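Report on the following structure.
Quick note: the coordinates plus some simple rules give every number you see, no bench work behind them. On a predicted model such as this, the values are computed, not experimentally measured, just so you know. Note: ideal-geometry Cβ built from the backbone for every residue, glycine included; neighbour counts use all protein chains shown.
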Amino acid sequence: MYFAPWWLLLICLPVAALAAFLALRGTQMSRRTLYVLSVALSPVLLLGAAFVAVVVSTALSVVFEPAPQPSTRPVRTELTSPEPTNPTTFEETVLETTTPSASPGASPSASPAASPSASPAAGG
């Protein structure tokens, strides 16, 4: 939604006061009353004109705006499927990828089970 800048409304305010003055000019009232009434009615006249402009703009946009066309693109069902096609769970995948493998250069003495010395606290 677009709003009119304040300076534009301030420029239109004297124009609204002039329109109110010209409309009330033919009445039988004093000049002072005519001036005061023109100044008092100018914001009301300006707000009324802005309201009418918004209503007319909305009505015209409804009439002349093209109707939305239905999309003809196919719906992608593979992304909306709740069941995965592979029943492997995340934990199984993590276990498979994190299992350590023996390197070809590793010696048997590097593994703790192959060490000949056992701790005295574990022997009991």
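Which one is surrounded by the fewest Cβ atoms within 10 Å (Cβ to Cβ), of the residues in region 55-73 that are among the hydroxyl-bearing types (Ser, Thr, Tyr) and more than 26 Å from residue 13 (Cβ to Cβ)?
Result: 72.
If you go through region 19-54 and keep only what is part of a helix (DSSP H, G or I) and either of a type in the set (S, T, N, Q) or loosely packed, with under 10 Cβ neighbours inside 10 Å (or both), you end up with 31, 32, 33, 38, 42.
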